[in-house]
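Down below is the structure, laid out as structure tokens.
No value in this document is a laboratory result; all are computed from the given coordinates. This is a predicted model, so every value here is computed, not measured. So basically every Cβ, Gly included, is an ideal-geometry build from the backbone, and we count neighbours across all protein chains shown.
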Amino acid sequence: MTPDAEFGYELLVCRYAELSWHPGEGTRPAVVSRQLGTQRRRWDTVVVEVDPDAFAARRAFGDRAIDSDLLHVVRHAPAEWAWYRDALPDPEYPWRYVREAVHRAAGRDLIEERRNGNRIQIRRKRPYPDWVRRIVAIENKPDLDRSAADRLADQLAHDVETALADEVWLATETTGDRVERALLREMPVEAGVLATDFAAGVDGDAAAVAWHPSDLSPTGDSRDDATTTRRLEIAERAYGKGWRSFRDTMRPDCRHFELRREGRALVPHCAAKGKLPTARECSGSCPQFAPEPPGWRTKGWPIDGGPGKGIGRLLDRRRDRERDETASRHRD
Ligand code: SF4
């Protein structure tokens, strides 16, 4: 399978995780995203296991991610009006950046802000909840060959060492005896192996645990503040981005762009190329890009925009529905 085809596989893994996380230990409410991480390490699929009640409280802060500067303000905003420099911990960078973040946070309705003389005071609208339970990284490699196994072993070893994630997995396709046990044995023992079979598309039974992962979270309360903050930033980005964000970078406004059903997943399909296009090729520079004819934008599409806009709305609705379900679920 080419790197391009891995994009499609990644979307299917994301949908599988959304439908039936956790694969080995019973259902856990979770948010799924893709292509996130730190400067040093980008994960293919990220699963953020959540506390459902706290997640519902997080949703009250809106659908967008709260970035690191905003988090500094939102997490520490006091219940009563106070000068922002008294209320917030020393940022270890100039206060003027904090002031900008205060304005942005108030502009997004995340906190309240007022002037008292020449001092800016802030007050929280609601407490920022402790909604993240665990962070899980999944590396997707449908065809596991020798060189991919070597690279993956290094990456997963790095994940195990940094313990930024609580659990790491390799997802690989099982159909036709393609998974070589010898290659799997080279993976760090702490990494789980998820054997997928998406031949008939995605449903909750489309994967099985071939190797159980170890819990990488430090015992006791030993994650330092910097790591805790970085994890929260990743979780926020996962929340804001989800995994259907491909529609922001691809061209659903192209007349050849379709969504195709793969079991319980909806994935992009290019009618001109007869395949699932990658985010890279499905762009404005695609030689076969053809804008929707203006007629499509009015006939039968009375609200605004044509099928392209409709696809965007459909994907947003799916994302919102999954968020609703996650917030209303309770742990087993
Ligand atoms: S023709 Fe190009 S831009 Fe249009 S859907 Fe296919 S890959 Fe995307």
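The order of the peptides 68-74, 150-156 by mean Cβ neighbours within 10 Å, most packed first, is 68-74, 150-156. Adding -39500 (n - 2.57) for every DSSP H run of four residues or longer, then dividing by how many residues the chain holds, sets the calculated 222 nm ellipticity at -10500 deg cm²/dmol. Each Lys and Arg adds +1 at its Cβ and each Asp and Glu adds -1 at its Cβ; summed about the Cα centre, the chain shows a dipole of about 1680 debye.
For the chain, the relative contact order comes to 21 percent (Cα pairs under 8 Å, sequence separation of at least 6). When you count the other C-beta atoms within 10 angstrom of each residue and take the mean per peptide, 30-40, 229-239 line up highest first as 229-239, 30-40. Divide the volume of the convex hull around the Cα atoms of the chain by the residue count and you get 170 Å³ per residue. Beta bridges from DSSP with both residues in the chain: antiparallel share about 75 percent, rounded to the nearest 5.
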